[in-house]
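Q: Dropping a structure here in structure tokens format, bear with me for questions.
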Amino acid sequence: MSSTTPKSNILIRIIEHKFTPYLVTLVFALFMISPIILMLLNSFKSIAEAFAWPPTIFPTVPTFETYLRVLRSAVPLTMRNSVMLSLITTSLVLAIALPTAYALSKYPFRGSKIVLLFYLASRIVPPVSLLVPFYIMLSTLRLIDTHLGLILVYTYITLPIIIWVIKGFFDEFPKDLIDSALVDGCTRLGAFIRIVLPTSAVGVAASGIITFLWCWNEFLFPMVFTTSNNVAPLTTGVFEFVGDEVIEWSSLSAVGIFASLPAIIFFIFAQKYIIAGLTKGALKL
């Protein structure tokens with residue numbers, strides 16, 4: 001006699017059904033993006049409706065008033081700063097990380113593992129604990145409220161992890177191909193540029209994407225190290241709509257859409273590179 005009840009049999013069949021994983025994934029996906037959906041709906045409300053009680057989910061009279069206010073504010077300027085800071089930092093990090101990771105991977109030396117551990121140790125320290133040292137150094141160099149100061153801070157924070165990610169790709173690259181290129185007359189630099197980099201394009205793209213998204217979303221350091229909208233990125237420019245007495249929630253939602261859409265679109269098209277970079281880069285010493 002079976003010990004299972006009819007209800008447990010039904011439950012087992014539901015769990016084992018081929019559509020169950022998709023349904024569970026859909027429910028979690030809707031839960032995760034629900035704040036973005038609410039932010040999108042709120043961005044089409046008027047300022048008066050945003051403060052209405054009881055609050056409404058869908059705007060009763062959709063309006064583009066908030067988007068026009070955002071476009072007339074300093075948000076476009078801060079968005080330009082975000083794009084510039086993210087692109088320059090990503091280029092600088094890749095320019096340093098690629099040859100460094102390649103040398104540590106294919107031409108190890110005595111103490112190379114210790115160097116890698118130093119890179120890792122620099123990221124063990126919580127970034128918030130570096131605010132005061134960074135502020136003192138940038139003040140001494142007169143780089144407070146400058147693009148260069150933020151780029152240097154971003155580079156320091158992202159460079160160690162990117163070196164580890166790229167090194168994971170280079171560790172899997174066959175050394176025989178490099179030796180064959182050297183035998184055919186290529187220099188070590190030529191083999192790196194002509195053979196290794198094109199073959200490791202997925203790892204390079206993943207590293208660049210991770211760096212770009214981190215810089216795009218960074219808030220703490222720009223908040224402390226910038227004082228004007230001429231330098232501040234979009235993450236801090238949003239505070240133009242936060243006043244001492246009133247917070248313009250609908251305008252904040254519109255800025256959130258402006259800030260989120262580029263990153264969301266970027267991630268949708270580049271997610272396979274990000275996943276590949278995180279999985280292949282997670283290797284042992």
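No value in this document is a laboratory result; all are computed from the given coordinates. Being a predicted model, the structure only gives us computed values, none of them experimental. So basically every Cβ, Gly included, is an ideal-geometry build from the backbone, and we count neighbours across all protein chains shown.
Here's the yes/no breakdown for (1) under 19 Å from the mean Cα position of the chain (by Cα); (2) surrounded by fewer than 16 Cβ atoms within 10 Å (Cβ to Cβ):
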| site | (1), (2) |
| --- | --- |
| 93 | yes, no |
| 115 | no, yes |
| 123 | yes, yes |
| 127 | yes, yes |
| 141 | no, yes |
| 153 | yes, no |
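Q: To continue, here is another question. Examine the range 225-234 for a residue that is assigned to a helix (DSSP H, G or I) and closer than 30 Å to residue 130 by Cα, and state whether such a residue exists.
A: yes
Q: In the range 229-259, which residue that is touching a Phe, Trp or Tyr at 6+ places or on another chain (Cβ under 6 Å) and among the hydrophobic types (A, V, I, L, M, F, W, C) is surrounded by the most Cβ atoms within 10 Å (Cβ to Cβ)?
A: If we filter the range 229-259 for residues that are touching a Phe, Trp or Tyr at 6+ places or on another chain (Cβ under 6 Å), which is where we start, we get 235, 248, 251-252, 254.
If we keep only those that are among the hydrophobic types (A, V, I, L, M, F, W, C) as well, we get 252, 254.
Details: 252: 20, 254: 29.
Going through the qualifying residues, I end up with 254.
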